[in-house]
Amino acid sequence: MWRMSWSTFRERWTLFAGALLTVVFGVGLVQASIMVSLGAEDPAIPAGTSPREAERLRDAYEGAGSLLGMTAMLACFLAVFIVGSTFAFTVAQRRADLALLRTLGGSRPQVMTLLFGEAVLLGLLGSAGGILFGIPLMWIQAYLLTSTGILPGSFAPQWDNGVLIASVCAGVGMALTGSVAATVRAARVRPLEALREIGGAARVMTLGRWIWGVTMLALTALMVSGEGKADFLGAMLIAMGVSFAGAIGLSSLSPLVVPLAGHLLRPFTRFGPLAELAQANLRDGRRRAAATAAPMIVLTALVVGLMAMLGTQAKAGGADVKRRIVGEYVVTSTGADAARIASVPGVQAASTSTVADIVLTVSRTEDGRRQKKKVRSGIFAIDPAAYQATHTLKPVSGTFGELRGRAAMAGPGSAEDGIRTGTTAVAEIGGRKVRLKVVARMPATLENNADAFFVPRSLLPPDMLAKAESETTVKVAAGTNPADVANRLRDLRIGKVETVSAWADARVGRQMKENNSVMMVLMGLSAVYAIVAIVNAMVIAGTERRREFAVARLTGLSRRQVVQAALLEASGVTLIGVGLGLVVAFAALGGFLFGPSGTEILAVPWTLIVLIVLGAFGISSLTSVLTTRSATRPAPVTLAAARE
């Protein structure tokens with residue numbers, strides 16, 4: 001059987017090309033992610049780097065490691081999913097060959113051994129290609145991380161020969177896992193049913209597909225119904241679950257859902273017989289349409305859903321910041337210039353948050369254990385009284401009045417780090433160590449990278465306060481024109497003067513730019529999977545439809561008309577696949593869309609949606625035209641009598 005597996009793989013290589021490329025990309029992404037992660041494990045901090053900048057670099061390396069871990073997990077998920085759908089389509093196209101093998105005496109275990117042997121060969125060849133492809137891909141990932149500003153330009157990945165073993169295991173594991181369902185189903189089909197294409201051989205919706213698809217859609221509906229009742233962070237997690245569960249459910253039921261959705265295209269049949277033929281072929285070729293639409297559903301649902309979630313979170317954080325500030329302007333300046341703002345005519349209150357370039361070591365409780373944590377960024381020196389005059393956020397334990405002398409307050413960015421009131425902290429300030437007491441703790445907010453700690457301004461040396469970056473929230477006195485106060489502040493040339501709304505929007509913009517960089521790394525390379533799956537399914541289907549195309553030409557259609565009909569059919573499948581993916585993505589946003597702040601914080605990535613739609617139609621149209629032209633090149637009379 002192993003020799004037969006190799007012979008089949010060699011002779012029918014076109015059926016395995018898409019799955020092979022998928023494994024190559026999967027192994028390459030996993031290997032590259034591991035190599036880059038190894039380089040990010042031990043960050044090289046240049047000598048002379050300030051504590052704040054050093055902490056920023058450490059956070060960047062830690063974030064890059066988490067991002068690459070997500071990339072590897074997503075690569076494995078998509079690889080198994082696409083190998084599974086491709087392998088199932090490949091086995092379906094070979095059902096007559098497998099049935100003939102059974103009628104000649106082959107047993108079910110032998111058929112399973114044959115197919116598993118092909119999967120192992122697929123995994124080994126894909127691993128070999130993935131190991132080679134992973135080397136340039138490693139440098140591409142490193143370039144993406146540095147060019148988007150996630151990591152510094154001096155970063156370099158690290159090579160480890162031990163990863164090669166993991167690459168082979170990953171490749172073989174992807175191939176075997178993806179082929180299990182198709183192999184088991186092929187062994188269960190009776191040989192005569194497969195030869196005559198009746199009974200179980202003709203059934204596209206298997207029991208496994210029904211169970212898996214219905215379960216995932218039921219879970220999706222349950223999560224959508226509970227999304228509006230959860231708090232914002234809970235709704236975010238639920239929305240991500242909706243994107244994954246909904247995509248898996250619809251792709252599992254795609255042989256049923258895609259033809260049903262094809263009925264919605266019936267109005268387009270009025271444009272002529274070619275449109276009517278394309279719509280009929282779409283509904284009749286369920287297996288073919290499902291294999292093409294499934295990767296589009298998954299890609300669209302995940303990319304649009306996750307991008308919308310990240311954008312919505314950023315906008316929600318900006319809206320939360322605006323609600324918490326009582327003031328009209330924010331002035332960005334040095335500490336020395338910030339001291340002049342309170343004396344400007346028309347200013348009722350001015351609260352300055354100065355970046356404290358210090359290191360704070362604090363104890364925290366995590367998983368029931370006490371641990372030490374060093375914080376080098378997100379520490380701000382404030383005046384408690386002035387801060388309360390311009391901000392509405394109140395501590396959940398302790399008071400602002402206690403923030404004096406050798407004290408510290410855990411800010412919103414530390415609210416979920418297990419830091420308790422009364423904990424002792426050690427601050428490294430200008431080469432000296434000062435013991436502080438955590439006297440209060442702020443609640444968590446929706447903003448990413450929120451302030452980690454507050455310390456009293458009296459704790460920092462005057463020269464440090466004068467040179468440090470500062471942001472001052474300005475509250476204009478009642479009866480005073482805010483524009484006049486803004487002009488007076490600008491006349492002093494003390495820094496950048498912005499309205500609270502513009503300042504908060506700029507913070508949202510920076511967060512969304514970071515999100516775009518993350519998504520570019522996380523989803524950009526993974527989108528290749530969907531392209532490979534779409535092209536592979538259409539190529540296999542087009543190759544196996546030669547007799548169908550020949551019969552159509554003998555009935556009076558020209559070669560050009562056959563190509564046009566196939567193009568219309570491919571466009572219909574693309575429209576359905578992308579449309580169903582968008583349905584899942586918007587279902588994930590349902591809890592925000594109908595919430596009290598939905599229209600304010602909802603971030604729909606319209607540009608990304610347009611790019612996905614144009615890209616999907618472009619890829620499917622080009623593949624359809626080239627495949628159909630190749631399949632219709634021979635004279636129709638030479639193919640009409642042939643049996644596939």
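Worth a mention:
- Matching residues in segment 542-564 - criterion: being in a helix (DSSP H, G or I) and of a type outside the set (D, E, K, R): GLY542, THR543, PHE549, ALA550, VAL551, ALA552, LEU554, GLN561, VAL562, VAL563, GLN564
- Selection status of THR148, modelled with pLDDT under 75 and within 34 Å of the chain's Cα centre (by Cα): yes
- Being modelled with pLDDT under 90, surrounded by fewer than 20 Cβ atoms within 10 Å (Cβ to Cβ), assigned by TED's automatic domain parsing to the domain that holds ILE619 and under 22 Å from the mean Cα position of the chain (by Cα) is a property that does not hold for ALA533.
- The set of residues in segment 1-41 that are modelled with pLDDT of 70 or more, within 28 Å of ALA72 (Cα to Cα) and hydroxyl-bearing (Ser, Thr, Tyr) comprises THR22, SER33, SER37.
- Options GLY401, GLY418, GLY422; residue that is in a helix (DSSP H, G or I) and either outside the structural domain of ASP320 (by TED's automatic domain parsing) or touching a residue at least 12 places away in the same chain (Cβ under 8 Å) (or both): GLY401
- Residue in segment 352-359 that is among the small types (Gly, Ala, Ser), assigned to a strand (DSSP E or B) and crowded, with 22+ Cβ neighbours inside 10 Å present: yes
- Residue match in segment 284-305 (condition: farther than 30 Å from VAL485 by Cβ, crowded, with 22+ Cβ neighbours inside 10 Å, in contact with an Asp or Glu (Cβ under 7 Å, 6 or more places away or on another chain) and at pLDDT below 80): no
- Among the numbered conditions (1) in contact (Cβ under 8 Å) with a residue 60 or more places away in the chain; (2) out of contact with any strand residue (DSSP E or B) (no Cβ under 8 Å at 6 or more places or on another chain); (3) in the same structural domain as ILE379 (by TED's automatic domain parsing), the only one that VAL528 does not meet is (3).
- Filter pass, LEU265 being modelled with pLDDT under 85, within 20 Å of GLY618 (Cα to Cα), touching a Gly at 6+ places or on another chain (Cβ under 6 Å) and buried (at least 23 other Cβ atoms within 10 Å of the Cβ): no
The values are calculated or read from the model by the stated rules, or taken from the named source; none is laboratory data. Everything quoted here is computed from the prediction, not taken from an experiment. For neighbour counting, all protein chains shown are included, and Cβ atoms are generated from backbone atoms with ideal geometry for every residue, glycine included.
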